Amino acid sequence: MSRFSDAKEVYQEMGVNVDAALEKLSKVKISMHCWQGDDVIGFDSQELTGGIAATGNYPGKATNPEELMADIDKALSLIPGKHKLNLHASYAITAEKVERDKLEPKHFHAWVDFAKERGLGLDFNPTLFSHAKAADNLTLSSPDDSIRRFWIDHCKKTRKIAAYFGKELGCTALNNVWIPDGYKDIPGDRLGPRKRLKAALDEIFQEKYDKKYLADSVESKVFGLGVESYTVGSHEFYMNYAAKNNLLCLLDTGHFHPTEMVSDKISAMLLFADQLALHISRPVRWDSDHVVLFDEELKEIAKEIVRCDALDRVFIGLDFFDASINRISAWVVGMRNMEKALLYALLMPHQALKKMQDEKNFTQLMAMMEELKTLPFGDIWNQYCEQQEVPQGMAWFTEVQKYEAHVLSKR
């Protein structure tokens, strides 16, 4: 406790209220993605296709709902706070095969019960990949009317299911539309696919739901495997579509050119939109979905959210899938790092820094920002973990090792 008290005093000298920062952080819900637990396979397919790849073959991955839920439980027991779980439609739990355009809320009752018992919220995503009708990376923009109809109906169903999540759990569910559509080589027509995508989205979002229960977002991408030359759902397309139709524009940190920083986009987006959605990943030269680290860009993203006073306006979700390491460890590292970044941001004297900038005192601004980097942040983080009754330091990793020895190794 003395280390925390000493650290708290250091931050107070900088004008930071540590107790208020910890209280704010405890109310933030981060959406943990279920697909890290099984390499994005889901329960209705055995193959991952559609411009997505998970590399590695670490032993012990979940192969059924019971195993996945047990692994999620283990991860959540090592992560501070109460959060949300992000599901893809391919994780429906059914006694018999149900096509994606026929999915209903009843096919996700088990997930709602799981969330209720643990005090979690749920987010959702239509799954427009790993399916015979998405084999050529054309779904909502396909020139084939029957293919397009199938995926339109699927997306309509997922909105209904997400609204059900929100109502049942008393926590707004984000339903995020991402499609793999595009072409490997230079297309002969760029406008046509985008016209078809726009018309499909217009139909999907025609039905109105209570925004208390459902938030709709659309997600862009710069390119993907098999669609290197042209992506139908580009950032410009979706940013304009979201703005015109009062939807959320979701920014994925791996879905931009490597020189573009999502942290720089947040304040611009929030200036014109009530809410924003993020998928936090870690690109390594491209959208490689590496485990989120406590790196500079993650800190900048968190700082922008806090500076904009937007903790209640931004849906924060994680999106990575590393099959080369223990999957539970990947979840825990990523979630704890997102929380660390938010705490790091909450422990900054933003008003003082703003004042220095406005007064053109750039020398002091630089000196202060550098000094903040070496303050005893770790002691504040450890206190937060203690308050939330989860392991401090590397103690959580010992629990993962025990779980691997007693559970994962026996699969």
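The values are calculated or read from the model by the stated rules, or taken from the named source; none is laboratory data. Every value quoted in this text rests on a predicted model; they were computed, and no experiment measured them. Cβ sites come from the backbone with ideal geometry, for glycine too, and all protein chains shown count toward neighbours.
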Which one is farthest from S77 (Cα to Cα), of the residues in segment 129-154 that are touching a residue at least 60 places away in the same chain (Cβ under 8 Å) and assigned to a loop (DSSP other than H, G, I, E, B)?
S141
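Yes/no matrix, rows are residues, columns are (1) exposed (fewer than 15 other Cβ atoms within 10 Å of the Cβ); (2) assigned to a helix (DSSP H, G or I); (3) under 18 Å from the mean Cα position of the chain (by Cα); (4) not charged (D, E, K, R):
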| residue | (1), (2), (3), (4) |
| --- | --- |
| E9 | yes, yes, no, no |
| D19 | yes, yes, no, no |
| W35 | no, yes, yes, yes |
| S45 | no, no, no, yes |
| I93 | no, no, no, yes |
| D101 | no, yes, no, no |
| D113 | yes, yes, no, no |
Pairs only if they're at least six apart or on different chains, beta carbon under 7 angstrom, first in segment 163-192 and of a type in the set (S, T, N, Q), second assigned to a helix (DSSP H, G or I); list them, first residue then second.
T172/G166; N175/T158; N175/R159; N175/A162
Hey, among the residues in segment 306-350 that are among the small types (G, A, S) and either in a helix (DSSP H, G or I) or over 15 Å from the mean Cα position of the chain (by Cα) (or both), which one's farthest from D216 (Cα to Cα)?
S324
Residues of segment 366-380 that turn out to be surrounded by fewer than 10 Cβ atoms within 10 Å (Cβ to Cβ) and more than 29 Å from the chain's Cα centre (by Cα), as a count:
1
Read through the list (1) of a type in the set (A, V, I, L, M); (2) at pLDDT below 95; (3) in contact with a Cys (Cβ under 8 Å, 6 or more places away or on another chain), then give the number of the only condition that A53 fails.
(3)
Which of the residues belonging to segment 174-210 are out of contact with any helix residue (DSSP H, G or I) (no Cβ under 7 Å at 6 or more places or on another chain), buried (at least 17 other Cβ atoms within 10 Å of the Cβ) and not in a helix (DSSP H, G or I)?
L174, N176, W178, I179, G182, Y183
The residue that is farthest from C171 (Cα to Cα), considering only those in segment 115-128 that are in contact (Cβ under 8 Å) with a residue 12 or more places away in the chain and surrounded by fewer than 20 Cβ atoms within 10 Å (Cβ to Cβ), is R118
Could you tell me which numbered condition Q383 fails, if it satisfies all but one of (1) in contact (Cβ under 8 Å) with a residue 60 or more places away in the chain; (2) polar (S, T, N, Q); (3) assigned to a loop (DSSP other than H, G, I, E, B)?
(3)
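So, in segment 53-80, exactly how many residues are part of a loop (DSSP other than H, G, I, E, B) and crowded, with 19+ Cβ neighbours inside 10 Å? Spell out the reasoning first.
Going through segment 53-80, the residues part of a loop (DSSP other than H, G, I, E, B) turn out to be 53-64, 77-80.
Next, only the ones that are crowded, with 19+ Cβ neighbours inside 10 Å stay: 54, 61-62, 78-80.
Here the count works out to 6.
Kindly establish whether K303 is surrounded by fewer than 17 Cβ atoms within 10 Å (Cβ to Cβ), more than 16 Å from the chain's Cα centre (by Cα), among the charged types (D, E, K, R) and in a helix (DSSP H, G or I). So that I can check it myself, show each step before the final result.
On the way: surrounded by fewer than 17 Cβ atoms within 10 Å (Cβ to Cβ): no; more than 16 Å from the chain's Cα centre (by Cα): yes; among the charged types (D, E, K, R): yes; in a helix (DSSP H, G or I): yes.
No.
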Which of (1) farther than 21 Å from K156 by Cβ; (2) modelled with pLDDT of 95 or more; (3) among the charged types (D, E, K, R) is the odd one out, the single condition D216 does not satisfy?
(1)
S26 fails exactly one of the following numbered conditions: (1) within 23 Å of the chain's Cα centre (by Cα); (2) buried (at least 19 other Cβ atoms within 10 Å of the Cβ); (3) farther than 23 Å from W178 by Cα; (4) in contact (Cβ under 8 Å) with a residue 60 or more places away in the chain. What is the number of that condition?
(2)
Do any strands (runs of 3 or more DSSP E) entirely within segment 211-290 hold 1 or more residues that are without any contact (Cβ under 8 Å) to a residue 40 or more places away in the chain, and if so, which?
248-252, 276-280
Give the number of residues within segment 47-75 that are touching a helix residue (DSSP H, G or I) at 6+ places or on another chain (Cβ under 7 Å) and of a type in the set (A, V, I, L, M, F, W, C).
5
What number goes with the only condition from (1) out of contact with any helix residue (DSSP H, G or I) (no Cβ under 8 Å at 6 or more places or on another chain); (2) at pLDDT 95 or above that I280 does not pass?
(1)
When you go through (1) surrounded by 13 or more Cβ atoms within 10 Å (Cβ to Cβ); (2) over 24 Å from P80 (Cβ atoms) one by one for T363, which number turns out not to apply?
(1)
